[in-house]
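Trainee: This structure is in structure tokens; I'll ask about it shortly.
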Amino acid sequence: MLKAVILIGGPQKGTRFRPLSFEVPKPLFPVAGVPMIQHHIEACAQVPGMQEILLIGFYQPDEALTRFLEAAQQEFNLPVRYLQEFVPLGTGGGLYHFRDQILAGGPEAFFVLNADVCSDFPLSAMLAAYRREPHPFLLLGTTANRTQSLNYGCIVENPQTHEVLHYVEKPSTFVSDVINCGIYLFSPEALKPLRDVFQRNQQDGQLEDSSGLWPGAGTIRLEQDVFSALAGQGQIYVHLTDGIWSQIKSAGSALYASRLYLGQYQLTHPERLAKHTPGGPRIRGNVYIHPTAKVAPSAVLGPNVSIGEGVTVGEGVRLRESIVLHGATLQEHTCVLHTIVGWGSTVGRWARVEGTPNDPNPNDPRAHMDSESLFKDGKLLPAITILGCRVRIPAEVLILNSIVLPHKELSRSFTNQIIL
């Protein structure tokens, strides 16, 4: 028997995802046509012996999240439950706080997945490695170039046994080109070191707070408090993958993740990819079109395009490297490139909305998305264009490398601006 835990964070997180996270919790943002965490749930549901999937976070359980959980349970015929933290507890605190729910039924092991990663999720390969040599902690790792490795948790492994000998979270100097993917397989014994951290935090807090009820005791950082402390003690091992992987920290990285998932659909979900048909729009590369969307036959779509529910795409539209969300309208002859068009937004006729991608270096197979900074020297850096929800772009204007906050009705062109 197996279980899976998906760490979805909460509203204090995902600030780099704004204004998109204003309308929907970040884990439910559509990537390649489905909510971000549905990719995780699909992968977990395919593992033989999976009995339950738990989501842990500190979002309020609103209508959108409740509706998603109900739909997921029906689609995958598995219990999918949300466990809400009373306060943010870090990447490990929720696991310890809800340990009884995780261990109920006596699982052999449980997967732990961060919600903000894109991957092909080689969970069966991780399980096979775990069963060959069981250890409390098995981490999924991949490689990065020397410069970008500083942005991740770095793993020094024994190349023969794959034991993690040293772990440093976001080091200041180069440590290793093997990085932590944020996808784990833990044995039930893995919760004992979390208990030790909790008790140590409680003791440290009591020295500062005579009440003995220090609220920070439950906050546990898996990476710093557990992995760094236990590395080299025979408890943590790494399973390396050369499959797709990327973090989803910003809107730009969501667009890149959409490209990776659409490419993966060729193998996993070919039925989700649009095909060129007589009388239909011209399809170039991998494109997802929701069944309820209305797309004119003279439109040209792709590559890397995702069109959401109820979207209208007019005659002569050119759409490339973009996500168009629920209920948006692209009027005749618009051109939309490297852009996320928000829910219910309208782009007028002959308008051009364009961004600048920040993709990994295609000539470096170990390159990943950089953690983008929006500003440099007080100026907005070129990046993908984002239209918040219910934005109206008039006819025959240019919106370039800009972020438009929700409910704005523009009257002219903008370049390299945040439009408040």
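The values are calculated or read from the model by the stated rules, or taken from the named source; none is laboratory data. Just so we're clear, the structure is a prediction, and the values are computed from it rather than from any experiment. Positions of Cβ are generated from backbone atoms using ideal geometry, with glycine treated the same way; all protein chains shown enter the neighbour counts. Ligands, DNA and RNA are excluded from the accessible area calculation, which covers all protein heavy atoms including side chains. Shrake-Rupley method; radii C 1.70, N 1.55, O 1.52, S 1.80 Å.
Trainee: Cβ under 13 Å from residue 101's Cβ, residue 101 left aside: what net charge do those residues give with Lys, Arg +1 and Asp, Glu -1?
Mentor: The answer is 0.
Trainee: Taking 7 Å along the Cα-to-C-beta vector as the label spot, tell me the residue 156-residue 74 distance in nanometres, rounded to one decimal.
Mentor: The modelled label-to-label distance comes out at 5.3 nm.
Trainee: With a 1.4 Å probe and all protein chains left in place, how much accessible area per residue does region 202-343 have, in Å²?
Mentor: That works out to 42 Å² per residue.
Trainee: Here's a follow-up. How much accessible area per residue does region 104-188 have, in Å², with a 1.4 Å probe?
Mentor: On a per-residue basis, region 104-188 sits at 37 Å².
Trainee: I need the phi-derived Karplus couplings for region 296-308: 6.51 cos²θ - 1.76 cosθ + 1.60, θ = phi - 60°, integer Hz, Gly and Pro marked x.
Mentor: Per residue, the Karplus-derived 3J(HN,Hα) values read 5, x, 8, 6, 10, 10, x, x, 6, 10, 10, 10, x Hz.
Trainee: May I ask for the net charge around residue 76, where only other residues with Cβ less than 12 Å from the Cβ of residue 76 are counted and Lys, Arg are +1 while Asp, Glu are -1?
Mentor: -4
Trainee: Here is a follow-up. Could you work out the pair-distance distribution P(r) of region 52-167 from its alpha-carbon pairs, with 10 angstrom bin width and percents rounded to whole numbers?
Mentor: P(r) for region 52-167, in whole percents per bin: 10, 33, 37, 18, 3.
Trainee: Taking Cα centroids, how far is region 126-182 from region 228-290 in Å?
Mentor: Between the Cα centres of region 126-182 and region 228-290 lies a distance of 21 Å.
Trainee: Also, quick follow-up: Give the percent of DSSP beta bridges with both residues in the chain that are antiparallel, rounded to the nearest 5.
Mentor: DSSP beta bridges in the chain are roughly 30 percent antiparallel.
Trainee: Something else now. Just to confirm, what accessible area per residue do you get for region 9-71 at 1.4 Å probe, in whole Å²?
Mentor: On a per-residue basis, region 9-71 sits at 40 Å².
Trainee: To the nearest 10 degrees, how steep is helix 36-45 against the longest Cα principal axis of the chain, on a 0 to 90 scale?
Mentor: So the helix axis and the longest Cα principal axis differ by about 50 degrees.
Trainee: Here is a follow-up. Would you mind telling me which residue in 84, 235, 266 has the biggest mean-square fluctuation in a Gaussian network model of the chain, where springs connect alpha carbons within a distance under 10 angstrom?
Mentor: Greatest mean-square fluctuation among the candidates belongs to 266.
Trainee: Could you look at the chain and say what percent of its accessible area is carbon and sulfur, using a 1.4 Å probe and all protein chains?
Mentor: About 50 percent, which is the carbon plus sulfur part of the accessible surface.
Trainee: Step through the table entries 3/26; 26/275; 3/275; 3/192, compare each Cα-Cα distance with 25 Å, and write down the pairs that go over it.
Mentor: The pairs that break the limit, which is 25 Å between Cα atoms, are 26/275; 3/275.
Trainee: How would the chain be classified by its alpha-carbon gyration tensor: rounded, prolate or oblate, with rounded meaning a/c under 1.5 and the a/b versus b/c comparison settling the rest?
Mentor: The shape class here is prolate.
Trainee: When the C-alpha atoms of region 227-319 are aligned to their principal axes, what extent does each axis show, in angstrom, from largest down?
Mentor: Result for region 227-319: principal-axis Cα extents of 63, 26, 19 Å.
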